[in-house]
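A.B. asks: Input: one structure, supplied below.
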């Protein structure tokens, strides 16, 4: 059972083998590094430790925080790290004072002083400490503080290095299927069902309007998506629209996220819902009239059902 701490004081672990970073998305590159971490811990009869930070440094340092959107909330990141089989997760509060520490001060105070590190596995491009630190400098500090050091990566998938930045770009463009190849899972969003204008019902396609739990979470590009819906302990197929309602409300309609759930006929409000984005089927379109919109929705339903069957997401719809 993983042990999670948000306070580093009194931390105890047997021969800690540690890696650190933001781990936004906990993608395939991260998972490969975590596998190496766990293997190293077993080799030296130690315990694996992930040191991560919250909130994101850009928020604390006021580096355009309004533009920052993340692949994982803190809750999601912690769950994914736990599922990877890590022994300890330390969520270190990121503050301005903390950001001013040099790499040497950070190692001396935290890694050696409070954690008692035995071995550090650093990502090939990971930089830490105020002003960063070079590989030779880090090797020297590891020798001074008597801990082992390995550099891991880079991992490539189809010749591309998986990175949180690359995955964010794919999702921002609506390429959620491509993003899933780097994540190792489908991108998902969790929220609550809230009341809407009930326009979908009038069109023959009632929808659940989703209010996200975290405003910092990245929303895929506007358009229609095939998705998998987790609601009330069951899984359903669905088609989800991100964007406004230009045909009904005009070009300046308020942006929303609503999903038509296949084979689901209950009215539910305030329930938790999670949707996994499988594939984008089309961009948002302004139709000439309501009948044209209804006809397109029928085609959307056919296309989404075909995708869900082809990808083996939902066996029977």
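The values are calculated or read from the model by the stated rules, or taken from the named source; none is laboratory data. The structure presented is a predicted model; accordingly, all values stated were derived computationally and were not measured. Cβ coordinates were reconstructed from backbone atoms using ideal geometry, including for glycine residues, and neighbour counts include every protein chain displayed.
A.B. asks: Looking at 73, 78, which one is outside the structural domain of residue 277 (by TED's automatic domain parsing), closer than 27 Å to residue 147 by Cα, modelled with pLDDT of 95 or more and out of contact with any helix residue (DSSP H, G or I) (no Cβ under 9 Å at 6 or more places or on another chain)?
C.D. replies: Values: 73 fails: closer than 27 Å to residue 147 by Cα.
Only one candidate qualifies: 78.
A.B. asks: Of the conditions (1) within 23 Å of residue 153 (Cβ to Cβ); (2) over 14 Å from the mean Cα position of the chain (by Cα), residue 72 fails just one. Which one is it?
C.D. replies: Answer for residue 72: the failing condition is (2).
A.B. asks: Say whether the condition of being over 19 Å from the mean Cα position of the chain (by Cα), free of Cβ contacts under 8 Å to residues at least 60 places away in the same chain and either on the phi > 0 side of the Ramachandran plot or not assigned by TED's automatic domain parsing to the domain that holds residue 37 (or both) is met by at least one residue in the range 174-194.
C.D. replies: No, that holds for no residue.
A.B. asks: Looking only at the range 100-123, decide whether some residue is within 17 Å of the chain's Cα centre (by Cα), under 21 Å from residue 4 (Cβ atoms) and assigned to a loop (DSSP other than H, G, I, E, B).
C.D. replies: No: zero hits.
Yes/no matrix, rows are residues, columns are (1) touching a strand residue (DSSP E or B) at 6+ places or on another chain (Cβ under 6 Å); (2) farther than 21 Å from residue 29 by Cα; (3) exposed (fewer than 14 other Cβ atoms within 10 Å of the Cβ); (4) modelled with pLDDT of 90 or more:
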position	(1), (2), (3), (4)
119	yes, no, no, yes
126	no, no, no, no
129	no, yes, no, no
135	no, no, yes, yes
138	no, yes, no, yes
144	no, yes, yes, yes
151	yes, no, no, yes
158	no, no, yes, no
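A.B. asks: Same structure, new question: Go through (1) out of contact with any helix residue (DSSP H, G or I) (no Cβ under 9 Å at 6 or more places or on another chain); (2) under 30 Å from residue 312 (Cα atoms); (3) modelled with pLDDT under 95 and name the single condition residue 196 misses.
C.D. replies: (2)
A.B. asks: Which one of the conditions (1) outside any helix (DSSP H, G or I); (2) within 16 Å of residue 164 (Cα to Cα) does residue 34 fail to meet, given that it meets all the rest?
C.D. replies: Looking at each condition in turn, residue 34 falls short on (1).
A.B. asks: Search the range 220-234 for residues being in a loop (DSSP other than H, G, I, E, B) and buried (at least 17 other Cβ atoms within 10 Å of the Cβ), and hand back the single one that is nearest to the chain's Cα centre (by Cα). Spell out how you get there, then give the answer.
C.D. replies: Of all residues in the range 220-234, those in a loop (DSSP other than H, G, I, E, B) come to 220-222, 232-233.
Retained after the next criterion (residues that are buried (at least 17 other Cβ atoms within 10 Å of the Cβ)): 220-221.
Values: 220: 12, 221: 16 Å.
Among those residues, the one meeting the criterion is 220.
A.B. asks: For the range 56-93, what are the residues that are part of a loop (DSSP other than H, G, I, E, B) and crowded, with 19+ Cβ neighbours inside 10 Å?
C.D. replies: The first filter runs over the range 56-93 and keeps only residues part of a loop (DSSP other than H, G, I, E, B), leaving 56, 61-64, 68-69, 71-73, 84-87.
The answer is 71, 72, 84, 86, 87.
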